[in-house]
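The values are calculated or read from the model by the stated rules, or taken from the named source; none is laboratory data. What you are looking at is a predicted structure, and each value in this text was computed from that prediction instead of being measured. Positions of Cβ are backbone-derived with ideal geometry, glycine not excepted, and every protein chain shown enters the neighbour counts.
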Amino acid sequence: MDVDRPQPPDLRPGEVALDPDPAGSDDAGLSFIGQLRTPWTRGNCPKNLREARERGGSFTAEIAPPYRPGLLGLQAGQAVILLYWTGAARRDVIVQNPAHRDGPAGVFALRSPARPNPVALAVVRLLAIDLKEGLLTLDAADAFDGTPLLDVKPWLPTVDIPPDAP
């Protein structure tokens, strides 16, 4: 890693940016299957799901009509994994210096939305499902209102908990 090369002026001490910025690449094609509806906007969005649950609010995933048949089999009360696109976040900072840590850390050691591929992950509980309207009522979400949704996957304890996890 070349940390001696010139860095953008808006980085914190210890942060490192990628050159070129991955935002300029067109490596993958993705289809947004819907969007998240939340009370959050820039400046008031919680940093994580724990904080979103504590603050409360109305949280919904709106699934676009062509993708609604894919909801068949989901049930209220079930935990699901949401993958969503935090495309407004920076994509060029590979080492960050977040205020909550004691120094810089690589992006892959952080849950920050700023990353080469701004895909966020949330494990949430489905409170209600409207298959016809494509609405999933969620227990929480930590994304801006209107954030594009990439995928919904069932959370399976027999698969998603690593062996020997506490």
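Some values worked out for this structure:
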item	result
Filtered residue count, the range 113-139, keeping only those that are assigned to a loop (DSSP other than H, G, I, E, B), small (Gly, Ala, Ser) and touching a residue at least 40 places away in the same chain (Cβ under 8 Å)	1
The range 11-27, residues that are free of Cβ contacts under 8 Å to residues at least 12 places away in the same chain and of a type in the set (A, V, I, L, M)	none
Residues of the range 1-27 classified as at pLDDT below 80 and exposed (fewer than 12 other Cβ atoms within 10 Å of the Cβ), total	10
So Val93, is it under 30 Å from Pro65 (Cβ atoms), among the β-branched types (Val, Ile, Thr) and buried (at least 19 other Cβ atoms within 10 Å of the Cβ)	no
Candidate set: the range 28-54, residues that are of a type in the set (A, V, I, L, M) and over 17 Å from Asp142 (Cβ atoms); chosen: the one modelled with the lowest pLDDT	Ala28
Among (1) surrounded by fewer than 18 Cβ atoms within 10 Å (Cβ to Cβ); (2) closer than 17 Å to Leu149 by Cα; (3) small (Gly, Ala, Ser) - the single one Ala122 does not satisfy	(1)
Candidates Leu72, Leu156, Leu150 - the one that is closer than 30 Å to Glu15 by Cβ and of a type outside the set (Lys, Arg)	Leu150
Qualifying strands (runs of 3 or more DSSP E) (wholly inside the range 1-111; at least 1 residues being farther than 18 Å from Ala128 by Cα)	79-85, 93-96
